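Before any comments, here is the structure.
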Amino acid sequence: MLKMTPMLRQYLELKQQAGSALLLYRMGDFYELFFEDAQRAAPVLGIALTRRRHNDDVEAPMCGVPHHAFDGYLGKLLQAGFRVAVADQVEDPATAKGLVRREIVRTHTPGTVSSTELLEGDERCFLAAFGGDDESHALAWLELSTGTFEGMRCDDARAVSEQLGRLRPREILVVEGWDGWQDSWPPGLASPTVTPVPPEQFSPSAGEERLRRVLGVSSLRGFGLESGERLVGMAGALLAYAEGTQRGSLGHLASFVRRQPDDALVVDRASLGNLEIERAADGRREHSLLGVLDSTRTRMGSRRLRDWVIRPSVDLEVIAERHRAVAELTDDAMLLGALCSALRDLPDLERLAARVGLRLATPRELHSLRAGLDQLPAVREAARRATSPLLCRLADALDPLDDVAALLHLRLAATPAAIVGTGVIAGGWDPELDEQRQLARGGKELVAGIEIAERESTGISSLKVRYNKVFGYYIEVSRANLDRVPQRFERRQTLTNAERFITPELKDLEARILAAEERVVARERELYDALLGDLCGHSPRMTASAGAAAGIDVLAAFAERARRWNYCRPLMEDSPGIVIREGRHPVLEEIQRSPPFIANDCELNPESAQIVLLTGPNMGGKSTYLRQVALITLMAHAGSFVPAASATIGLTDRIFTRVGASDMLAKGESTFMVEMTEAANILHHATPRSLVILDEVGRGTATFDGLSLAWSIVEYLHDEPAHGALVLFATHYHELTDLASVLPRLVNRSMAVKEWRGAILFLHRVVDGPADRSYGIHVAQLAGVPAGVCARAEQILATLERHELKIIDAPTSGGQEPGRLERIQQLGLFRPASEEVADQLRRIEVDRLTPLEALNLMATLKKRLSNED
Ligand SMILES: Nc1ncnc2c1ncn2[C@@H]1O[C@H](COP(=O)(O)OP(=O)(O)OP(=O)(O)O)[C@@H](O)[C@H]1O
Ligand SMILES: [Mg+2]
């Protein structure tokens, strides 16, 4: 048994409450960490590890941080994934008997950060809870810093994983002892802080009660939630955890939004990366889609724009409303200008509202909140001139919150001090505070009066009244004048050149000043808490207004971009299909100075051009073209105009992208296995409403394996009615171009090049028909591969082309060069059509076909048989 000191006992008790969180134990001006906590935190904080001797038995490793620098250190710990429990002194050390009582006043965790200092502008910070069984899964997420509180039911772990990939939560709650969460965690995503909680926290009935209480409703049906469903349990666990860690109110949480897995255009995490939505391949944000699109003026606008782009809408009405609003702003430069200037410098009201709702707002944050509220009427005024329905609605939703602003003007000092107690409450609000301030200030004036009076009575003109922490107020007389010091002065301290004295009168005044100052501090604290209490109730209104301002900000940013880069308003249609005239890549056209960007058309439709097979030389522009079509589709769904002369975009449910090994090399992450896993995902989940981008699929393996896979993937997407997505497939396998002769909805296009004096010129133009050769060796030449090597490569190529079949097959008879189709047939890639047709018939689930689909299928099969003849 260890010997205990009272402090050690208290520490260990608190540590037990803190569980696996680090415990920061307040001692004087420091927060100290002991034992293993100290050993884990010291290297992260970059501070020295020392030891503290508690008694003969116990000597603990220790490290500490000064309390005034706490925020900076906290940031580092959270960044490193730690949870941090803060134990503060909860009674006054001056009056406490024995050891000062300490309690855990708050637990900071990576997924519940709300401080505006610890979060970047559009950075999101989600806490998530999920779980499920064979039947169904549920996933809920909460962002305390904005009051976002949402969730969805998912069919399987994969759907959970997909949503997690978009959210990228920093922290997840899981049932104690369950490590199944890893099955749902998106591969490649950095591991979150995993916080185990007892199973009863996930109980739907406890969750229901908690949701009703916090959200202030009597039934959850208004949020689309059913009693007893797993999702309620997940949402409840989040609330329980937030309440427990914050130890305060969650006043800004006003609703729960139930999402559906299919209520947005789904772009999975891999595709977000492939399309360079958030970051370019080189890691730069400026060269990503968001980087060029986001000219919002506020942080909440920036977050909202990101939401719209990452979860584009699939509701034609919502999309049309956004397009209409952007059109109005694009046409009306005056209105756009007015909105932009009204929004300029508007602070992050959404996060400030959250801080108020959590009752954690600092005086500086309230100061900034007040400035923001003062600006709202101008935003509303400007927005009210709009006539498009969405802008009108946003203007109406933008509550100018005059009353809240007035309250802040009345009660918060014009320039509040940083710390409560030192001047944050406005004068004239509270008579008691004013009086105590007067006393404190008046006392100081009296002190100044004493100095003058004592100079006169002693005749010492250099006599000074001063203050320090040790002696309080004192009179200082220089050595030369000591003989003139009267009896009533009591000596307190002797310095080299002077002596210090006190007088009863001075001490009496000092006591009065200190008492008044203490009362000022205490009264300010009370008044500040009361102010936070009164503001807290308004926090949902502030959140709503901030949301409206964010929406206006995004629409204005879209309009600005559309004007500046000549975007067009896309026409949205319910039926699948894409027609783009003179489309451009939104990022490349901006960042590439030379050569100038070449616009290209695109036509995809389920009837005659379901699959476009794109061939052409390296560097021809294939990947760029593929991405550009996907980006235009995505931007249109987000509500933005698009970089094209005109565009008609059918409603799309998912954008899949698979970028083959060669194009992923830069990221150094791809293996053939990953490539095939992603391909499998596409083949399972693509629907006729999906857009599938396949860039060099199959390249990561032996040529013939890759070619065969690419071949069968294209066939599958073409022939399986349930998975008949629109497909853009860029490839170097020229053999594939022959597929056009057997797959009626597959068309060949290629990147045009010109040969000029032995060099090749990339025109970056998409033209009909397959490319006639690969030009790989030309590109090698351009890249500076020695001429000898290139010449030899030409020779080898010629031989290979002549003898290709000999590599794997018997020599061809008669030495005649076989036609390409014939060659492929001999390679065994091309099974007899009758066998294919029989195979397909076997796979068909007759009762899942509509009569129309059945008819179409018959036609296709018949055509295939006739091709064989
Ligand atoms: N439409 C265009 N207008 C102007 N320049 C373009 C265009 N498209 C592509 N480029 C330029 O060509 C370069 C190569 O494009 P891209 O990577 O798309 O070629 P690729 O055909 O996919 O090549 P590879 O076969 O090697 O993957 C781009 O980096 C860009 O600078
Ligand atoms: Mg490419």
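Sort through L571, L634, L555, L613 and tell me the only one that's closer than 30 Å to I713 by Cβ and away from ligand 2 (no atom under 16 Å from the Cβ). Spell out the reasoning first.
Numbers: L571 fails: closer than 30 Å to I713 by Cβ; L555 fails: closer than 30 Å to I713 by Cβ; L613 fails: away from ligand 2 (no atom under 16 Å from the Cβ).
Selected residue: L634, the only one of L571, L634, L555, L613 that is closer than 30 Å to I713 by Cβ and away from ligand 2 (no atom under 16 Å from the Cβ).
Looking only at region 260-278, filter to residues that are among the charged types (D, E, K, R) and modelled with pLDDT of 90 or more; which one of those is farthest from the chain's Cα centre (by Cα)?
We begin by selecting, within region 260-278, every residue among the charged types (D, E, K, R); these are 262-263, 268-269, 276, 278.
Keeping just the survivors that are modelled with pLDDT of 90 or more gives 276, 278.
On the way: E276: 15, E278: 9 Å.
Looking at the filtered set, the residue picked out is E276.
Of all residues being among the polar types (S, T, N, Q) and within 13 Å of ligand 1 (Cβ to nearest atom) in region 583-640, which is surrounded by the most Cβ atoms within 10 Å (Cβ to Cβ)? Just the residue, please.
So the residue we want is Q628.
Quick one: which of E675, E735, E715 is over 23 Å from D574 (Cα atoms) and within 16 Å of ligand 2 (Cβ to nearest atom)?
The unique qualifying residue is E675.
Name the pairs whose Cβ atoms lie under 8 Å apart, with the first residue in region 496-507 and closer than 14 Å to L446 by Cα, the second among the aromatic types (F, W, Y) and outside any loop (DSSP other than H, G, I, E, B), and 6 or more positions between them or separate chains?
Close Cβ pairs satisfying both conditions: L506/Y473; L506/Y474; K507/Y473.
Kindly indicate whether A710 is within 16 Å of ligand 1 (Cβ to nearest atom), more than 15 Å from L604 (Cα to Cα) and in a helix (DSSP H, G or I).
yes
Out of region 695-708, which residues are under 36 Å from the mean Cα position of the chain (by Cα) and of a type in the set (A, V, I, L, M)?
V697
Does G706 count as closer than 30 Å to K863 by Cβ, within 16 Å of ligand 2 (Cβ to nearest atom), in the same structural domain as I611 (by TED's automatic domain parsing) and of a type outside the set (A, V, I, L, M)? First the steps, then the outcome.
On the way: closer than 30 Å to K863 by Cβ: yes; within 16 Å of ligand 2 (Cβ to nearest atom): yes; in the same structural domain as I611 (by TED's automatic domain parsing): yes; of a type outside the set (A, V, I, L, M): yes.
Yes: the conditions hold for G706.
What is the number of the single condition among (1) small (G, A, S); (2) touching a residue at least 24 places away in the same chain (Cβ under 8 Å); (3) outside any helix (DSSP H, G or I) that S623 does not meet?
That leaves (3) as the condition not met.
Determine the pairs where a residue that is without any contact (Cβ under 8 Å) to a residue 60 or more places away in the chain and within 20 Å of S646 (Cβ to Cβ), located within region 603-617, has a partner that is within 16 Å of ligand 2 (Cβ to nearest atom) and among the hydrophobic types (A, V, I, L, M, F, W, C) with Cβ atoms under 9 Å apart, the partner being 6 or more residues away or on another chain.
E603/V612
For a quick check of your reading of the model, give me the residue pairs whose first member lies in region 770-784 and is under 13 Å from V753 (Cβ atoms), whose second is at pLDDT below 80 and more than 11 Å from ligand 1 (Cβ to nearest atom), with beta-carbon atoms closer than 7 Å and at least 6 apart or on different chains.
Listed pairs, sorted by first residue: Y775/I760; H778/I760.
For region 376-398, check the following and say yes or no: at least one residue is part of a loop (DSSP other than H, G, I, E, B) and within 26 Å of the chain's Cα centre (by Cα).
yes
In region 325-376, which residues are β-branched (V, I, T) and within 28 Å of G248 (Cα to Cα)?
Hits for region 325-376 are V356, T362.
Got a sec? Which of A383, A405 is more than 29 Å from E526 (Cα to Cα) and at pLDDT 95 or above?
Step by step, each of A383, A405 is checked, and only A383 is more than 29 Å from E526 (Cα to Cα) and at pLDDT 95 or above.
Condition test on L250, is it buried (at least 19 other Cβ atoms within 10 Å of the Cβ), within 18 Å of the chain's Cα centre (by Cα) and either farther than 22 Å from S145 by Cβ or among the hydrophobic types (A, V, I, L, M, F, W, C) (or both)?
Taking the combined requirement at face value, the residue does not satisfy it.
Of everything in region 605-620 that's more than 16 Å from T657 (Cα to Cα) and part of a strand (DSSP E or B), which residue is modelled with the lowest pLDDT?
Restricting to residues being more than 16 Å from T657 (Cα to Cα) and part of a strand (DSSP E or B), the top hit is T615.
If I ask for residues that are within 16 Å of ligand 2 (Cβ to nearest atom) and touching a Leu at 6+ places or on another chain (Cβ under 8 Å), which ones from region 637-659 would you list?
T657, R658
Residue by residue through region 675-699, note down the ones that are part of a loop (DSSP other than H, G, I, E, B) and more than 16 Å from ligand 1 (Cβ to nearest atom).
Across region 675-699, the qualifying residues are A686, T687, P688, R689, S690.
Taking helices (runs of 4 or more DSSP H) that fall entirely within region 747-850, which contain at least 2 residues that are at pLDDT 70 or above and within 16 Å of ligand 1 (Cβ to nearest atom)? Steps first, answer last, please.
Numbers: elements: 776-782, 787-808, 820-827, 833-843.
Of the helices (runs of 4 or more DSSP H) lying wholly inside region 747-850, those with at least 2 residues that are at pLDDT 70 or above and within 16 Å of ligand 1 (Cβ to nearest atom) span 776-782.
Quick one: H585 ticks every box in (1) of a type outside the set (D, E); (2) more than 15 Å from ligand 2 (Cβ to nearest atom); (3) modelled with pLDDT of 95 or more except a single one, so which number is it?
It fails just one condition, (2).
The values are calculated or read from the model by the stated rules, or taken from the named source; none is laboratory data. This is a predicted model, so every value here is computed, not measured. Note: ideal-geometry Cβ built from the backbone for every residue, glycine included; neighbour counts use all protein chains shown.
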